[in-house]
Structures are given as C-alpha cells and as structure tokens.
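S.K.: Input: one structure, supplied below.
The values are calculated or read from the model by the stated rules, or taken from the named source; none is laboratory data. Model, not experiment: these values are computed from the prediction. Note: ideal-geometry Cβ built from the backbone for every residue, glycine included; neighbour counts use all protein chains shown. Note: areas computed on protein heavy atoms with side chains; ligands, DNA, RNA excluded. Shrake-Rupley method; radii C 1.70, N 1.55, O 1.52, S 1.80 Å.
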Amino acid sequence: TEIFRGKAILEKYADEIFCRENIGYDAGGFKEALGNFIGWDVVWKYDELVLVNDSIFGPFIPMKKIFSKMDKKSADFWGLAAHGTHDKDFLKHIQTYFLVVRSKMLHSIQFRDYWEEMPLYTDFLDVVYEHEVKFTSFFERLGYTYDVLADTNVNDSEINSKNNYIQYAMIPYELIKKRNFPFLKKQPLAFNTLMQQTQENLYQAIDYIDKKTEYDVDLIWENIIRTLNMTDLQRNFHLQYINSSEVKRLNLEKKVAVIVFAEHKEAKEYVLEYLKELEQKKEFSIYVISEKNEIIESYKDYTVKSIELLFMNNCNWAELSQYDYVCALHDADMTSDVKPSCTGKSYFYCIWENLFRDENYVSGIIEKFEKEKRLGFLAPPQSVFADYFGNLGAGWNGKYKVIAEIVKRLQLCCPMSEEKPPFRITDNFWVRGNILKCLENLRKDEYTYLPYLWSYFAQHMGYYSGIVESTDYASMYEVNMMYYLDQLIGQVKKQYRDFNNFDELKEIILIGALNVFCTKHLRVLIYGAGFYAKKYIKFLMNVEACIISDGQDKIDYFEGVPVMYLSEVKAWDECGIVLCLNRENQKMVIPLLERVGVKEYFCIT
C-alpha cells in the first residue's frame, strides 16, 4: 500500500518510475537503474548524470542557483559536501547522497565498469567503506577531478584527522547558515551525537530553516513523525519542556477532561489538595475513576466549589476524544505497607507536581500545546529514586512482541524497534483529545499495555511527544542525575580503567563482559567476517575461527583466523559464539544457531 501511495505522488513529477526490491541500499538502486532499468545506451545520451537519494530535506535555495554556481567549476564530478580524511581506510571523499557526474567521466568505460562490477552490499557499513569512501579516490586516481558546493574544509583538522567528523550530522546549523550547504540530512534526526556534543545544532537548524528560509518546515515534521522512531525524535530534539507556575499565562478556554484514577483511599487527602487548585476552571470536567466503590463514595463527600466531580468505575477513552485535552493522573500508595511511605509520597508528587501543580501551571501546559501544533502527548519525567531507579534500562520488559501485534492490528503508522523502546512508559500524561480516537478498536484486554502505546497513538495521528516537568523538578533531577552518573562512572573506573568519553565507557563494559563470556568456553568462534569482526577480534583471546553463513562468498582467512561455513562447525556444545554482526543480521543468524543447538552466544551490538 505504501509503495503504491508513493508511486501515485511521484507520477506527478517523474517521466518513468522503476519499482525494485530494496536490496543493496542506495548504491544498489543506482547500479540497477543505470545498468538494467535504463541501460547504458540511454544513459550515455545525456551530458550529465545526477544521482540523489531521499535522505535530504530541501533545497533551501533554488536548484538553479546551485547548478549555476557549480557550472563555474571545471570538475568532472561534484557533490554537496566532502568528508575529511579519518584514517588510511577512510580517505577524503564526496558524500554520495547527492552526486553529479559530467560528460567526460559519465561516458567513460571506467564509470560503466565501476557500477557493473560493484556487488549488491548487504551491510550498510560495507556500502560506506567499499563504495562511498572509495568512489572519489578511485576516479581521482584515474585522472578525474572533483569539487563540492559546501565549504567543509574549515572544520577539518590537519593535525588530528580522527577529529574529521560527519559535519552534516554534527553541525547542520552551521553548514546551512554559513557553509553554503542547502539541505538538511535526514540521518542526524535519528543520530545520537551526544558522544561529541550537546546536540544543540539540530534544533538550531530547524529553527533557522523555519525563520530564515522560504522552505515549509512542516514538510520536515510531517515526514519525520511518520518515518522515524519517536524515541530518537524525543532525544535528538530534546523534547523536554520546563514549565513554571510563576509565568503569567493566557486564559485559554479549552475543553479539558481530568481523569483521576483512585486506588488508594489514604491518597484522597493529597489528591483533593490539587483539585482545589482548579476551582476557577469551570470548563474542566473532573472524573474520579475507581473499581472500588468505597473509594468513590469517599470522594463523593467532597465538593469542589465550581467543578462537579464525575464518578465512574472504568474509563471509556474513546468517548473522551470530544475534549480538546485530557489529563490522566493516578494516585499512589501512601502507606508503609509495601515500601516506606515517604517513597510512595515522593512518587505521587513526581506525577502531580509535573502534570498538575496548580491552575497557572496547567494553563502553561495547555499554552504549550496551543503554541506547538505538532505536540500531541506529554508525560512526567521518569522517577529515578529508591527502587524506581531499577526501572531505568528495563526497555520493553519482554512486551515488545505483544505491543507490535497491537500496533499492527490497529494499523498504526509508527516505526517501532525492539532496540528502541518508548522513551517514556507511563499511565500519567496530558494528551490531545482527538488522539484518543485511536482507542476505538482497542480491545479491553489490551488496555493493560496502554502505558507503552501512548506515544505511538500520537505519532499515528501526526504528533510528536515529549516530557514536561516543573522548574523545581528540573533543578532537582539535574542534581540527582549528575550524582548517579558520578557514582556509576567512579565505580567503572575503579573496576576497569580510566576513560574519556561515553563510547569508551560502553566499550570498557562490553569488553569486560566479553572476556567473562570467553573464559567460560573451551572454544571461541566469531560469527561474521566484516566490520564488527575486524573491530573486536583484537580483544578476543584464542579465537578458533570466524563463521559465515552457508552459501556466502568465503575467504580462507580473516585477520589471520580461519574462516568456516556454519555447516562445517562440529561439537557446538563446547563453543562460545561471539556475534560480530549488526542487529539486523543478528536476527537472521540467531535462529540458525539455535537450530543447531547453540545456546551460548554473545551479541557485540
């Protein structure tokens, strides 16, 4: 369905459209288009060839100006930007998402042979190292000249080439504003740059495009909300809102429902203190929902001056879609029966102070929704004190498959990944009422999974999601998080060794766990003979062999270690298998290993 929808859009602009299986990445697409779909006889009828993929937004200046500028340069091929030399295997090169080849090189036998002889790569890093990185130097050695539009040299280092980073990912704002780069790459919108910077450039770039160019920035939001993982968007656009009660708010008369889920009778006193803050909000409907009739009866004894409390035993979410905004709040166990009462009270305050502090604070949240038309869902920050600290890193908690099945059944348009759980799993939140229409076909037995689904419902309806916290909590959480981080890093340094950055920290922990795994097995085998195998084989002792899947092209040795087919390995019960593969390939290989009886394997990524 998605293919045909896309084809219908492109037919307005394209003379011909070729549909093919998505193999070989963009390089594979270019290879088949040139050699099979179009054919070299037709290609050679043209003076210039433009190869461009769909990984860019723009242009922010007319294409005519871009080509007019480059027409003044005599290069045989050109692109938008170059990546500086990183090491002997990663030389300076044009980034191939936008590549223009002029007549001399286009009509050469070497150019045709390059594409005809290039394999259909199955690993993204192979495409980068074997095609993108080598394309420029390959044709430069043949005597062809190249140039680029953007001035990226200013940021490259001649002293330390390892500092020559991907500029479109790390500094898109600077490239667009100052370096003559007329596009925004889609990749950095889902790219974690935190290892090298604070990620301010991405938001600055979007703001600049919106305010300083004629490009409709909503085209970017519409695409990335539909196609990218919301966990990536929330982090990379730091969708973490700090709200204050001190700022005077507009009186936005919106239809709002407040849903209070009451389970603990001793919490009523605390809940009512907050509800009193809304006594002037006549347009608000406040529902108290509880499966326990005695709790409902206890709330009926209280009357808010100008607000009628409505009581139900369960919540019909779809019916609440009539409201502009809906706030869902749960009480908490305030006793010491399960855990210290101070812990339960702190958990309660974490919810209510960040979502419902007072009338002015609530108005600030509504004001934020009104200002940001793409904002659909707001949750409070994750509690990280006491036993709640253990919830960090829990991820899907074994529920990915069932959530994915619900998403598929409801036909929600929201990219999901087992490696990227929702950025916030919660049943306390603010949400736009129209998003609740997504729940019309949700089965009652699926309601228990709602804490995992809210940001996906919002994404399906075209909204992004975020976290909201008060200024007080933002200050407190900053201090607490820095304390936790300091303690954890100190422990790792004591237990292992010193390090400088987050990447090194992860690698130290990984290698430590890897060494423990290897010492438990008589034989150690590496599955894979590519990028990851080359990176990690030096950390492994006594590697017997590298394994590849049957039917793949096989070399005899890799980094001095014999290479074997999977079917050639015997006595699996003695083996510890280290999977030096990306996650996509791991998913294909693990069932093969389990089929031959392998139970002990270690995933590098």
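S.K.: Pull up the range 320-333, narrow it to residues that are under 32 Å from the mean Cα position of the chain (by Cα) and acidic (D, E), then point me to the one that is surrounded by the most Cβ atoms within 10 Å (Cβ to Cβ).
M.R.: Of everything passing the filter in the range 320-333, D331 is surrounded by the most Cβ atoms within 10 Å (Cβ to Cβ).
S.K.: Separate question: Exactly one condition in (1) within 20 Å of the chain's Cα centre (by Cα); (2) modelled with pLDDT of 95 or more is false for Y349; which is it?
M.R.: If we test Y349 against (1) within 20 Å of the chain's Cα centre (by Cα); (2) modelled with pLDDT of 95 or more, just (1) comes out false.
S.K.: While we're looking at this one, here's another question. Given the structure, is G530 small (G, A, S) and within 30 Å of the chain's Cα centre (by Cα)?
M.R.: Yes.
S.K.: Taking the conditions exactly as written (more than 34 Å from the chain's Cα centre (by Cα), farther than 30 Å from F191 by Cα and touching a residue at least 24 places away in the same chain (Cβ under 8 Å)), does F311 satisfy them or not?
M.R.: yes
S.K.: Here is a list of conditions, (1) open to solvent by less than 60 Å² (accessible area, probe 1.4 Å); (2) closer than 28 Å to Y325 by Cα, and K373 meets all of them except one; can you say which number that is?
M.R.: (1)
S.K.: Just to verify a result, which residue in the range 192-208, among those that are out of contact with any Lys or Arg (no Cβ under 9 Å at 6 or more places or on another chain) and not aliphatic (A, V, I, L, M), is surrounded by the fewest Cβ atoms within 10 Å (Cβ to Cβ)?
M.R.: Residue satisfying both the conditions and the ranking: T198.
S.K.: Separate question: Give, as residue ranges, the strands (runs of 3 or more DSSP E) completely inside the range 63-153 that count at least 1 residues that are of a type in the set (V, I, T) and farther than 21 Å from Y25 by Cα.
M.R.: 146-148
S.K.: Which residue, of L219, L175, L275, is hydrophobic (A, V, I, L, M, F, W, C), over 27 Å from L505 (Cβ atoms), open to solvent by 20 Å² or more (accessible area, probe 1.4 Å) and assigned to a helix (DSSP H, G or I)?
M.R.: L219
S.K.: Residue under question is T471, and the condition is that it be touching a strand residue (DSSP E or B) at 6+ places or on another chain (Cβ under 7 Å) and more than 22 Å from A394 (Cβ to Cβ); does it hold?
M.R.: Values: touching a strand residue (DSSP E or B) at 6+ places or on another chain (Cβ under 7 Å): yes; more than 22 Å from A394 (Cβ to Cβ): yes.
In short, yes.
S.K.: Return the pairs, sorted by first residue and then second, in which the second residue is among the aliphatic types (A, V, I, L, M), the first residue lies in the range 513-528 and is part of a loop (DSSP other than H, G, I, E, B), the beta carbons are less than 6 Å apart, and the residues are 6+ apart or on different chains.
M.R.: Qualifying pairs under 6 Å: G528/L581.
S.K.: Just name the residue that is nearest to L375 (Cα to Cα) out of those in the range 184-231 that are free of Cβ contacts under 8 Å to residues at least 12 places away in the same chain and among the β-branched types (V, I, T).
M.R.: V217
S.K.: Restricting attention to the range 570-579, which residues are open to solvent by 10 Å² or more (accessible area, probe 1.4 Å) and at pLDDT 85 or above?
M.R.: Narrowing the range 570-579 to residues open to solvent by 10 Å² or more (accessible area, probe 1.4 Å): 570-574.
Result: K570, single match.
S.K.: Check I555 against each of (1) in a strand (DSSP E or B); (2) within 25 Å of L120 (Cβ to Cβ); (3) open to solvent by 20 Å² or more (accessible area, probe 1.4 Å) and name the one condition it does not meet.
M.R.: (1)
S.K.: I need every pair where a residue in the range 342-357 that is more than 14 Å from A386 (Cα to Cα) has its Cβ under 6 Å from the Cβ of a residue that is open to solvent by 10 Å² or more (accessible area, probe 1.4 Å) and in a helix (DSSP H, G or I), sequence separation at least 6 or different chains.
M.R.: Taking only residues 6 or more apart or on different chains, the pairs are W352/Y274; N354/Y473; F356/Y274.
S.K.: Still on this model: Scan the range 34-79 for residues that are open to solvent by less than 70 Å² (accessible area, probe 1.4 Å), in contact with an Asp or Glu (Cβ under 9 Å, 6 or more places away or on another chain) and hydroxyl-bearing (S, T, Y) and jot them down.
M.R.: Within the range 34-79, S55 is the sole residue that qualifies.
S.K.: Sticking with this one: Taking the range 580-601 as the region of interest, how many residues are outside any helix (DSSP H, G or I) and buried (at least 17 other Cβ atoms within 10 Å of the Cβ)?
M.R.: Selection size over the range 580-601: 5.
S.K.: Only residues in the range 245-272 that are closer than 17 Å to N354 by Cα count as the first member; pair them with residues that are part of a loop (DSSP other than H, G, I, E, B) and of a type in the set (A, V, I, L, M, F, W, C), Cβ under 8 angstrom, at least 6 apart or cross-chain, and list the lot.
M.R.: Correct list of pairs: V258/F356; I259/C315; F261/C315; Y270/M334; V271/A262.
S.K.: Also: Can we say I225 is touching a Ser or Thr at 6+ places or on another chain (Cβ under 6 Å) and assigned to a helix (DSSP H, G or I)?
M.R.: No.
S.K.: Of (1) touching a residue at least 40 places away in the same chain (Cβ under 8 Å); (2) closer than 25 Å to K186 by Cα; (3) open to solvent by 20 Å² or more (accessible area, probe 1.4 Å), D89 satisfies all except one. Which?
M.R.: Just one mismatch for D89, condition (2).
S.K.: OK, next. Give the residue that is modelled with the highest pLDDT, with candidates limited to residues of the range 310-319 that are open to solvent by less than 40 Å² (accessible area, probe 1.4 Å) and not aliphatic (A, V, I, L, M). Explain how you work it out, then say what you get.
M.R.: Taking the range 310-319 as the starting set, the residues that turn out to be open to solvent by less than 40 Å² (accessible area, probe 1.4 Å) are 315, 317-318.
Now narrow it down to the ones that are not aliphatic (A, V, I, L, M): 315, 317.
Numbers: C315: 88, W317: 92.
Result: W317.
S.K.: Please determine, by comparing only the residues of the range 493-511 that are surrounded by 12 or more Cβ atoms within 10 Å (Cβ to Cβ) and more than 27 Å from the chain's Cα centre (by Cα), which one is farthest from I526 (Cα to Cα).
M.R.: My answer is K493.
S.K.: How many residues are of a type in the set (A, V, I, L, M, F, W, C), assigned to a helix (DSSP H, G or I) and crowded, with 21+ Cβ neighbours inside 10 Å if we restrict to the range 449-487?
M.R.: Qualifying residue count, the range 449-487: 4.
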